[in-house]
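The values are calculated or read from the model by the stated rules, or taken from the named source; none is laboratory data. Quick caveat: nothing in here was measured; it's all calculated off a predicted structure. Here the Cβ is made from the backbone with ideal geometry for all residues, glycine too, and neighbour counts use every protein chain on show. Ligands, DNA and RNA are excluded from the accessible area calculation, which covers all protein heavy atoms including side chains. Shrake-Rupley method; radii C 1.70, N 1.55, O 1.52, S 1.80 Å.
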Amino acid sequence: MTSNPIQIPAPEPSRVPEDDHEMTFFEHLGELRSRLLRAILGLIPAVAVGWVFKKEIKDFLVAPLQPAWERLNLPGEAVLRFAGPADAFMMYMKNSLIAGVLLASPWIFWQLWMFIAPGLYKKEKALAVPFIFFSTLCFAGGAIFGYVLVFPEAFTVLLGFSDETLVATLFVKDYMPFFRRMLLAFGIVFEVPVIVTFLAGAGIVTWKQLLKFSRWWIVVAAFISMLLTPQDVYTMVMMLIPLVLLYFVGVGIAYLISIFQSRSSS
């Protein structure tokens, strides 16, 4: 008496990634290296453009300092000083690199997407263009939000501790890393709705799960704000508010996605 072998049903074609083929660990590493190399090659000309406009970028980064300086009636002008011979050169190099990353961000996001796309289903791949567009838009929006609304007031708070016997003298090696770090931090923070929307669109989480997690997200957002800001109350709050609000924006978009998907399947 022979027993019938267990038949394992084949996955539905709609649920199989189009480029579904197994890759070894080293093949994954090779693909990652290829994408990183392409991202770097696209970054080089963008950094060169940043170097051409290095002085304009420097003036742009120093500009939010001037309103705080005038508001506090601090002596002299809002200028940066450098002590080491290479400080100014390194400042220009790092500023050009950051400007290059911002300029080449659509290309970098595209390479990131192309690395993860082979493991995605067809409907998830349809999110490629929106993902790249809104990732770039939200990153730029976060940087602009910090530059226009947060930094002038934050400098007013931080420099407000100056007095007759405690005079502010700002050095390039201290100011520029601080400013660049804050600019990138606000840009990354504004990626929250993009990430949440992608997770919902890919079917990894549902809007109900996201809404249930929201109480914990407020705690996580407060911790992130504490880590990424200089820990003055104003800057922390101005980062915490977008983190929380943008999360709920992502939840709302996830809810709309669920409605659209349910109507499409019916």
Name the residue, out of 223, 248, 260, that is of a type outside the set (Ser, Thr, Tyr), over 19 Å from the mean Cα position of the chain (by Cα) and either exposed (fewer than 14 other Cβ atoms within 10 Å of the Cβ) or over 23 Å from residue 154 (Cα atoms) (or both).
260
Among the residues of the stretch 38-68 satisfying the criterion of being surrounded by 15 or more Cβ atoms within 10 Å (Cβ to Cβ) and of a type in the set (Gly, Ala, Ser), which is nearest to residue 174 (Cα to Cα)?
68
Mind listing just one residue for me: the one in the stretch 199-220 that is open to solvent by 30 Å² or more (accessible area, probe 1.4 Å) and in contact with a Gly (Cβ under 9 Å, 6 or more places away or on another chain) and, of those, farthest from residue 141 (Cα to Cα)?
207
Single residue of 35, 15, 71 found to be among the basic types (Lys, Arg), closer than 30 Å to residue 156 by Cα and either at pLDDT below 90 or surrounded by fewer than 10 Cβ atoms within 10 Å (Cβ to Cβ) (or both):
71
Matching residues in the stretch 81-100 (open to solvent by less than 40 Å² (accessible area, probe 1.4 Å) and part of a loop (DSSP other than H, G, I, E, B)) number 1
If you go through 97, 65, 103, the only one that is farther than 30 Å from residue 129 by Cα and not basic (Lys, Arg) is 65
State which residue pairs qualify: first residue more than 17 Å from residue 182 (Cβ to Cβ) and inside the stretch 43-70, second residue of a type in the set (Phe, Trp, Tyr) and assigned to a helix (DSSP H, G or I) in any location, beta carbons under 6 Å apart, and separation of 6 or more residues or different chains.
54/92
Going by the structure shown, is residue 157 open to solvent by less than 40 Å² (accessible area, probe 1.4 Å) and in contact (Cβ under 8 Å) with a residue 24 or more places away in the chain?
no
Identify, please: which residue in the stretch 160-179 is surrounded by fewer than 17 Cβ atoms within 10 Å (Cβ to Cβ) and under 19 Å from residue 232 (Cβ atoms) and is, among those, modelled with the lowest pLDDT?
163
Cβ pairs under 9 Å, 6+ apart or interchain, first in the stretch 243-266 and without any contact (Cβ under 8 Å) to a residue 60 or more places away in the chain and polar (S, T, N, Q), second assigned to a helix (DSSP H, G or I) and open to solvent by 100 Å² or more (accessible area, probe 1.4 Å), ordered by first then second residue, are 258/208; 261/123
